[in-house]
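Here's the structure we're looking at; comments come further down.
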Amino acid sequence: LLGSLGIDAAGLMKAPYDAAGAWGTPTWLVPPAGGQNNFYPAYSPDAQWVVFNRSPSNTNSAGGDSSTVSGVADAEIWVVAADRSGLTMQLAAAGSGPADTWVKWDPTSYLDQGRTLFWLTWASQRAYGLRYAQGAKVQLWMAAFDPAAARAGTAPDSPAFRLPFQDIESGNHVAQ
């Protein structure tokens, strides 16, 4: 709806754009599925992957759960191959906290022992050591993404870590 603060029951589409400034016919990357909401997509630096958030309970992307500062208590981190091959997976090792939202790619690719890695950041209300209990404070977290592992169908993500430069008393949402 026009004027709505967020979206719900959404899928993700991809539309070609040509040099003349014309949009082509959109196709589904992630079709809407019963009871889910897919939102906040972002392309990887090589444009081969799209990371996005999914709410299995179809919570509106602007929130709806007043018990969470970042809005979507059940938000998960997912990735889909941009070539529409159907390869879609949850980044369970990285995104296992409550309200893992606003996931974004670091714009640079890295080489680690000959393999390409990308880094992702997002806001989460997961517990942080002995400082904060789960749900207490929104902080920025980061994890690696291995595109070759994703193509091979194995877990492409590393466990997440809290970015250390944050003021422990502030709530942070997007690493930019």
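The values are calculated or read from the model by the stated rules, or taken from the named source; none is laboratory data. All of these numbers come straight from a predicted model, not from anything done at the bench. A quick note on method: Cβ atoms are made from the backbone with ideal geometry, for glycine too, and the neighbour counts reach across all protein chains shown. Note: areas computed on protein heavy atoms with side chains; ligands, DNA, RNA excluded. Shrake-Rupley method; radii C 1.70, N 1.55, O 1.52, S 1.80 Å.
A few points about this structure:
- Pairwise centroid distance, computed over Cα atoms, of the range 93-134 with the range 150-176, Å: 2
- Sequence-ordered 3J(HN,Hα) estimates for the range 41-47 from the Karplus curve with 6.51, -1.76 and 1.60 and θ = phi - 60° stand at x, 8, 6, 5, x, 8, 6 Hz, glycine and proline given as x.
- Take every Cα pair under 8 Å whose residues are at least 6 apart in sequence, average their separation, divide by the length of the range 78-175, and the relative contact order is 26 percent.
- Per-residue SASA remark: GLU169, around 120 Å² accessible (1.4 Å probe; ligands, DNA and RNA not included).
- For the range 1-60, the per residue solvent-accessible surface stands at 58 Å², with DNA, RNA and ligands left out and a 1.4 Å probe.
- FRET efficiency estimate (nearest 0.05) - Cβ-Cβ, SER57 to TRP28, R0 25 angstrom: 0.70
- Per residue, in Å², the accessible surface of the range 76-128 once ligands and nucleic acids are set aside, probe 1.4 Å: 42
- Heavy-atom accessible surface of the chain: percent carbon and sulfur, 1.4 Å: 56
- The mean sequence separation of alpha-carbon pairs under 8 Å and at least six residues apart, normalised by the residue count of the chain, gives a relative contact order of 15 percent.
- Cβ-derived FRET efficiency at R0 30 Å, ARG151 paired with ALA19, nearest 0.05: 0.55
- Positive-end residue, the chain charge dipole about Cα centroid, Cβ charges, pick of VAL174, MET142, THR154: THR154
- Options [x] 80, 31, 25; [y] 45, 32, 24; [z] 52, 47, 29 - which one matches Cα extents along the principal axes in Å as calculated here: [z]
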